[in-house]
Each structure stands twice: as C-alpha cells, then as structure tokens.
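Peer 1: Right, I'll just put the structure down here and ask away after.
The values are calculated or read from the model by the stated rules, or taken from the named source; none is laboratory data. Being a predicted model, the structure only gives us computed values, none of them experimental. Don't worry about glycine lacking a Cβ; one is built from the backbone with ideal geometry, like all the others, and counts go over all protein chains shown. These area figures cover heavy atoms from the full protein model, side chains too; ligands, DNA and RNA do not enter into them. Shrake-Rupley method; radii C 1.70, N 1.55, O 1.52, S 1.80 Å.
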Amino acid sequence: MAPMTRNRASAAGVPEPIMAVYYAQRASAGLIIAEATTPNAVGATYPNIPAIHDESHVAGWRRVTDAVRAAGGQMFLQLQHGGRVGHPETSGLHPLAPSPVPLPGTIVTPSGHRDNVVPREMTEQEIRTTVADFAAAARGAVDAGFAGVEVHAANGYLLHQFLSNHTNHRTDGYGGTVANRIRLTVEVVRAVVEAVGAERVGVRIAPGVTANAMAEDDVDDVYPALLSALDDLGPAYLHVVFADPDQPLFRTLRKAWSGTLIANPSLPWPGPLPADGGRAAAERLLAAGADLVSLGRAFLANPDLVARLRTGAPLNPIRDAHLMYVGGETGYTDYPALD
Ligand SMILES: Cc1cc2nc3c(=O)[nH]c(=O)nc-3n(C[C@H](O)[C@H](O)[C@H](O)COP(=O)(O)O)c2cc1C
C-alpha cells in the first residue's frame, strides 16, 4: 500500500485512534507504507498531518502499529520534510528550503487557502539539524513499532527540491553540480541507516514528476548518480513513483539498483482510476523487472484489495474525492470489505 496523506492526525500531529482503524482494515497489504509524517516542526506541510518528533507522536503511532500487527500486517512510516511546501499558519514556523524559490499559488492552512510564502534558504547548520532530525524520527518510528521508515525524496518536497536546479540555486556544497544536489538525500539516508539499520530503510523517488510544481532538466544524470550513491548504503528498497516500463529511465534505474525495487504504476492522475485498480499496469512493471508493486487509491477505496485482486471481485470505486484529505470517518473507514 503506497503512502497516502489523509489528514486525520490531531493539530499537534498525534495520530488519532481512527487512524488505527483505517490501517488495520488494510492490514492484508503485504506492506503498508504509512502516510507522509514530519520529522520536525518546520517540515510540516498541511493541517492535521502526523508527526514523529516527540513522545506523544510515538505513543499515538504505537496504537496504530499495534492494531495493524494484531491484524497480521507490517508497516513502514514515510518521513517527509515539506521544505517550501508549508506555511507559517500551519507549522508556526517560516518554511525552509534549498533556496528562496516559492511554490507557486496557494496552500491549504488551518484557516483556509493562503498564498505561499517565499521560503528561507537553509543554512548549513540547519541542513545538519535536518539530517539529525530524520535520524531521530527514524528511531522514534522503530520505537513506535514500525518495521522501518521510507525517506521521502519524491513529489516536490524538501529532498526533491534539493535534487532539482529549478528549486536549488545554492552555490555551496549542496547546490550546482549533480554530486552536490544529491548530497542531502544521501546524507539523510546514511544517517537514517546508521540510526536504525539498512534493512529498516526505504527511499522514495519520483524522477521527472511535476507534483508541487517540480521541474527537472537532468533526470538522466541525477537519478543514476543518486542510485549509485544510495546502492552503496544498501537500504531495504527503492520505491519509484509513477513508474513506466516503456520509459528508458525505468530500465536504467532497474539496472542501476541491485536491491529490491518497488514500482508504483503510472495510472491516470488525478483519475479516473482503471476498473482493475492498476493491476494490469502493475503486472507490466513486474514483467519489466520490478520486485514489488505499490498501489495507492485502490487501497484507499478497498480495505480488502488483496482478496479482491486474488478472487477477481469488483473493486469499490473512490467516492467523494473531495473527502480524501478531510477529517472524519466518511471516505476513510467506511469503505466496505467484501464480507
Ligand atoms: C489521497 C492521497 C494522498 C497521497 N499522499 C502521499 C504521501 O503522503 N506520500 C507520497 O509519497 N505519496 C502520496 N500520494 C501518492 C501515492 O503514494 C501514489 O503514488 C499515487 O496515488 C499513485 O498511485 P495510485 O495510482 O495507485 O493511486 C498520495 C496519493 C493520494 C491519492
């Protein structure tokens, strides 16, 4: 199950009991990668996203992992620092990013949509603190009962912002050349591996994905270099978003990565989801060398997706798309299982 932000934590980022219900309903997924969770206060993106930087967060997540384990499932926790994707009205802090390049447009905050602010360029000291915060968050996640963590270097958040020369205009050791732009992601993964062990660490990348107004000119240089550096650290898996087996880059990444590769198929976005939930696309990725596949929206709408795919039963369609990010049970824990 791919990570999906659902905004059901408390305002302080503590996972609420309803999240234990939602994830336990989906425990038959081979592995649940839980939603993007902030490793520190300034990295918070949107209202009611979960956090993992104090004891209350660890205790809240433990309720979730206990419920999933009791239902026979395993979870990793995705660690996400938003970088420029964040707002002072949400986090109480001014967003930090590689460079003062704002996200265009508006962002949702607790008091509604607000214009994005120009983020402040991280100092090297703030970069070091951020790396340490990821490592501490990983330890917190393991304390909370997660089997491991997924470092989020995809979809236009902080680490992805460092990878692209559109959002990274730095002239120090973290900007300019490909070797410099991949440096922060490699440092974060190394620190997290040292904190909890390589077998407990995954990394998510999204080469060329334009989420959060991302643009990348040199994916054919950046990602092979990144994978070569990460491969040496030996994490449990690499997770590629919107993977397309017809694109040469997917085959390049597969060849460059000696470990487990999870591919998230490239399905119509924002929709509609195909009636098979992505099964045919997933099978094409497996044939092209992926070891595992992840699915997102099909799991959102089908707590027993695995049983449905096994038996060929029809899938629940996603309803009330506008409820996907809003609190409460509706559109969250009320999707029916077959029996
Ligand atoms: C409601 C929702 C929330 C999402 N939140 C996250 C997230 O927190 N972290 C992330 O890496 N991707 C996130 N994604 C992207 C999914 O992990 C996945 O890549 C995407 O939905 C495509 O897979 P699918 O076609 O099977 O849904 C989200 C997607 C949806 C629909």
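Peer 1: Of Pro100, Ala71, Ser10, which is farthest along the charge dipole of the chain in the positive direction, counting Lys and Arg as +1 and Asp and Glu as -1 at C-beta?
Peer 2: Farthest towards the positive end: Ala71.
Peer 1: Then there's this: Arrange the peptides 183-189, 170-176 so that the one whose residues have, on average, the most other Cβ atoms within 10 Å appears first.
Peer 2: On the way: 183-189: 23.1, 170-176: 15.0.
Top of the packing list down: 183-189, 170-176.
Peer 1: Just the number please: accessible area per residue for the range 42-183, 1.4 Å probe, all protein chains included, in Å². Before the final figure, lay out the partial values.
Peer 2: Details: 5070 Å² over 142 residues.
That works out to 36 Å² for each residue.
Peer 1: Within the range 248-275, find all residues whose amide N lies under 15 Å from a label point positioned 7 Å from the Cα of Leu286 along Cα-to-beta-carbon.
Peer 2: Residues 261-265 qualify, since their backbone N sits under 15 Å from the label point.
Peer 1: At q = 0.31 Å⁻¹, what is the base-10 log of I(q)/I(0) for the range 219-273 according to the Debye formula with one equal point scatterer per Cα and no solvent? Please give it to two decimals.
Peer 2: Log10 I(q)/I(0), no solvent term: -1.33.
Peer 1: Let me ask something else. Between Val178 and Gln125, what is the spin-label point distance in nm, taking each point 7 Å from the Cα along the Cα→C-beta axis?
Peer 2: Taking the simple label geometry, Val178 and Gln125 are separated by 3.5 nm.
Peer 1: Using only alpha-carbon positions, what ratio does the radius of gyration of the range 129-280 give when scaled by 2.2 N^0.38 Å? Each step should come with its number before you reach the end.
Peer 2: Numbers: Rg = 15.5 Å, N = 152, 2.2 N^0.38 = 14.8 Å.
It is 1.04.
Peer 1: Using a 1.4 angstrom probe on the protein heavy atoms only, line up Glu283, Glu55, Glu216 by accessible area, largest first.
Peer 2: Working: Glu283 100, Glu55 130, Glu216 40 Å².
Per-residue accessible area, sorted high to low, gives Glu55, Glu283, Glu216.
Peer 1: So what is the diffusion coefficient of the range 257-303 in µm² per second by Stokes-Einstein at 10 °C and 1.306 mPa s, using a Kirkwood Rh over Cα pairs? Write out the running numbers ahead of the final one.
Peer 2: Numbers: Rh = 11.2 Å.
D, rounded to a whole number, is 142 µm²/s.
Peer 1: Moving on to the next point. Take the alpha carbon atoms of the range 90-115, find their center, do the same for the range 279-339, and report the distance between the two centers in whole angstrom.
Peer 2: Going from one Cα centre to the other spans 31 Å.
Peer 1: If you roll a 1.4 Å probe over the chain with all protein chains in place, what percent of the accessible area is carbon or sulfur?
Peer 2: Values: 7150 of 13130 Å².
With neighbouring chains kept in place, the figure for the chain is 54 percent.
Peer 1: Enumerate the calculated ³J(HN,Hα) couplings along the range 19-35 in order (Karplus 6.51 cos²θ - 1.76 cosθ + 1.60, θ = phi - 60°), each rounded to whole Hz, writing x wherever the residue is Gly or Pro.
Peer 2: Those phi angles translate into 5, 5, 5, 4, 6, 5, 4, 9, 5, 6, 4, x, 8, 9, 9, 6, 3 Hz.
Peer 1: Further question on the same structure: Can you work out the accessible area per residue across the range 255-335, with the rest of the protein chains kept in place, probe 1.4 Å, in square angstrom? Provide the component values of the computation, followed by the final result.
Peer 2: Values: 4030 Å² over 81 residues.
Result: 50 Å² per residue.
Peer 1: In addition: Could you give the size of the charge dipole of the range 221-325 about its Cα centre, using +1 on the Cβ of each K and R and -1 on the Cβ of each D and E, expressed in debye and rounded to the nearest 20?
Peer 2: In total the dipole reaches around 300 debye.
Peer 1: Let me know the charge dipole size of the range 59-207 about its Cα centre in debye, to the nearest 20, where only the beta-carbon of Lys, Arg (+1) and Asp, Glu (-1) is charged. Can you show the working numbers first?
Peer 2: Details: 14 positive and 13 negative charges, 40 e Å.
Dipole magnitude for the range 59-207 comes out near 200 debye.
Peer 1: Could I ask something else about it? Hey, what's the Cα Rg ratio for the chain versus the globular rule of thumb, 2.2 N^0.38 Å?
Peer 2: On the way: Rg = 18.7 Å, N = 339, 2.2 N^0.38 = 20.1 Å.
Dividing the Cα radius of gyration by 2.2 N^0.38 Å gives 0.93.
Peer 1: Right, something else. How long is the range 199-339 along each principal axis, judged by its Cα atoms, biggest number first, in Å?
Peer 2: Principal-axis extents of the range 199-339 (Cα, largest first): 46, 34, 30 Å.
Peer 1: Sticking with this one: Among Pro119, Gly327, Leu159, whose Cα lies farthest out toward the positive end of the dipole of the chain, if unit charges sit on the beta carbon of Lys, Arg (+1) and Asp, Glu (-1)?
Peer 2: The residue sitting most towards the positive pole is Gly327.
Peer 1: Where the only charges are on Cβ atoms (+1 Lys, Arg; -1 Asp, Glu), what is the dipole of the chain about its Cα centre, to the nearest 20 debye?
Peer 2: On the way: 26 positive and 34 negative charges, 88 e Å.
Result for the chain is approximately 420 debye, rounded to the nearest 20.
Peer 1: Moving on to the next point. Along each principal axis of its Cα atoms, how long is the range 41-187 end to end? Whole angstroms, biggest number first, please.
Peer 2: Over the range 41-187, Cα extents along the principal axes are 49, 38, 23 Å.
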